[in-house]
Every structure is written in C-alpha cells, then in structure tokens.
Amino acid sequence: MDSEQTISLMQIIGILWKHLKMIGVTTLVVFIATIFITFFVMTPKYESTTEILVNRKLSPENQGAQLQQVQADVQMISTYKDIITSPTVLTTVNKTVSDYPGYPGSMAGIKDALKISNETNSQVFSVTATATDAKTAAAIANETAKVFKQKVVKMMSVNNVSIVSRAVPDYDAVSPRKALNLLVGIVAGILLGIMLAFIREVTDRTVTTEAFLTDELGLTSLGVISEIDQVDVKKRIGHVHRPESSVLITDGKGDVETRERRRRV
C-alpha cells in the first residue's frame, strides 16, 4: 500500500470523534429497532423433552451376554432416530396434533420441530419438540414417543423401548434470546455507525483545512479568509449606518444654530 494512502491511528480516532454524534444516533436507532423486533415481531418458541430408554430384557441364563447386548442397543439408537422422523411415525403424530394451538403446519413442520439427541454410550435418548405453544410442544414430544414405541415393535420385532419420562410444558421461551438479541443490536449499531462515518469521510470533498490544499493537492496558499459571524456583521453594519443627530453651535454672541450632521465611523 502506498504510504500516502496509509491512515494512521490518530486519523482513525479523529474520524470517529468527528462523527461521534452520528455513530451514537445510528446505535440508538438500531437498538430501538432490535427491541421492537425482539419483543413485538418475533414469536416466542417453547421446548419440551421426553426421554426414551433402549434396553432389552435378558433372561437369567443370558446375563453373561449383557454387556454385548447393551452395546448393540446403543448402536441401534441411530436407527431409532431415523424411524422417529420417518413418515411412518410422523403421519400419526401429525393427525393427532393438527388442531393444537401453535401447530407447526404440516408433517414436514413437525419433523423440523423435532430434535433427537443422546449422550455417548448411553441407552437413553431424548426427543425434544419446539412449538410456539408450550403445551403443544409437550404434546408433540409425547405423541412422537408413544407412536414410535408402538411402531418399533412391529417394524423391528423387538420390545426394548421404554418411555423414561414424559414431556411437560415449559413456559420459559427458548427463543428469542432477548438479552443476546439486545447485545447484538448494540454491537451492530456501533459497527454500522463506524462504517457510515468512514463512508461519509471518504465521500466528503469539502475543503476544511489549508493543509489539505498545500500538502495533499500541492497548491500554494495565498492567504486565509476568516469567516465572520452573522452577529458581528450586523453589529458592524449598525455602526456604519447610525442615525443623524442634532448639534448646537454658538457664535460667541449668544446666537444658537442647530445643524444636522451624520456621524461617520
């Protein structure tokens, strides 16, 4: 980069200080817009979770193979996850919850609203449903777990699925994250204000200093014309155009002559 185009740290600080008011206004506007969107536009969403245990019951004579069976059940969880989000399960779930408030709108919407997760080497996995209504979220999670338990017996010819805990409505919204949104709004407002400040500085072609003409453009300075304040101009005009005044003149003999004269400065 050419040294003439390099902007020093002091110049950057000077630009920011010069446009500090604009940066503050921009930050305030973006922050207010974030508050409006977060509290009045974005729809709150709620989550509810049910837990399912995969554990095949073994007969006493097969206790020696229990460890191998546990590992097999853990590996089957990946297959169970696919079954839960398949049309085989969700078609029934969709029919059941279609009249609930906050219904996701379709079977595809229910699939997007479900999240399946489990810990490493754990036989328990969770089914979490998200909806704009807390009770509907719990209903979707519970209905999904119930239908899955019924379907997997016929599909896999196994009976190793148990529902450990049912989902209950949680009235604390998980979205939007209000504090995070407001923080992002402040940061975004500051960054936008800084960007606008530099854009305005780059596009501003107004000559404000003599140094710009001599140093940047290489011109010769012939002098500086100072700006006169409007109040001073009016004062000076007032001194020049004062009204006429009467003057008494005596001739030494007692005669008095009145003459009009204009005072000039």
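The values are calculated or read from the model by the stated rules, or taken from the named source; none is laboratory data. Predicted model, so just to flag it, every value in this text is computed and none were measured. Using ideal geometry, Cβ is built from the backbone for each residue, glycine included, and neighbour counts are taken over all protein chains shown. For the accessible areas, the whole protein counts, side chains as well, though only heavy atoms, and no ligand, DNA or RNA atoms are used. Shrake-Rupley method; radii C 1.70, N 1.55, O 1.52, S 1.80 Å.
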Would it be correct to say that Thr120 is over 28 Å from the mean Cα position of the chain (by Cα) and open to solvent by 20 Å² or more (accessible area, probe 1.4 Å)?
-> yes
On the given criteria, is Ile110 within 21 Å of Ile163 (Cβ to Cβ), assigned to a helix (DSSP H, G or I), aliphatic (A, V, I, L, M) and open to solvent by less than 40 Å² (accessible area, probe 1.4 Å)?
-> yes
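Is it true that Lys149 is within 30 Å of Met22 (Cβ to Cβ), in contact (Cβ under 8 Å) with a residue 40 or more places away in the chain and surrounded by 14 or more Cβ atoms within 10 Å (Cβ to Cβ)?
Against the criterion (within 30 Å of Met22 (Cβ to Cβ), in contact (Cβ under 8 Å) with a residue 40 or more places away in the chain and surrounded by 14 or more Cβ atoms within 10 Å (Cβ to Cβ)), Lys149 does not qualify.
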Using beta carbons and a limit of 7 Å, which pairs, at least six apart or on different chains, have the first residue in region 173-186 and under 12 Å from Met42 (Cβ atoms) and the second one open to solvent by less than 40 Å² (accessible area, probe 1.4 Å) and modelled with pLDDT under 95?
-> Pro176/Thr38; Lys178/Thr38; Asn181/Thr38
Does region 113-143 hold any residues that are at pLDDT 95 or above, farther than 14 Å from Thr50 by Cα and of a type in the set (Asp, Glu), and which are they?
-> Asp133
Is it the case that Ser226 is more than 25 Å from Phe36 (Cα to Cα), part of a loop (DSSP other than H, G, I, E, B), at pLDDT below 90 and open to solvent by 70 Å² or more (accessible area, probe 1.4 Å)?
-> yes
Scope region 163-194; condition aliphatic (A, V, I, L, M) and under 29 Å from Ile15 (Cβ atoms); matching residues = Leu182, Leu183, Val184, Ile186, Val187, Ala188, Ile190, Leu191, Leu192, Ile194
Looking at (1) open to solvent by less than 60 Å² (accessible area, probe 1.4 Å); (2) modelled with pLDDT of 90 or more, can you tell me which one Val158 breaks?
-> (2)
What are the residues in region 179-203 that are under 15 Å from the mean Cα position of the chain (by Cα) and surrounded by fewer than 14 Cβ atoms within 10 Å (Cβ to Cβ), if any?
-> Ala179, Leu180, Leu183, Val187
So, first residue among the aliphatic types (A, V, I, L, M) in region 1-27, second residue surrounded by 11 or more Cβ atoms within 10 Å (Cβ to Cβ) and at pLDDT below 85, Cβ within less than 9 Å, six or more apart or across chains; the pairs are Ile15/Ile7; Ile15/Glu201
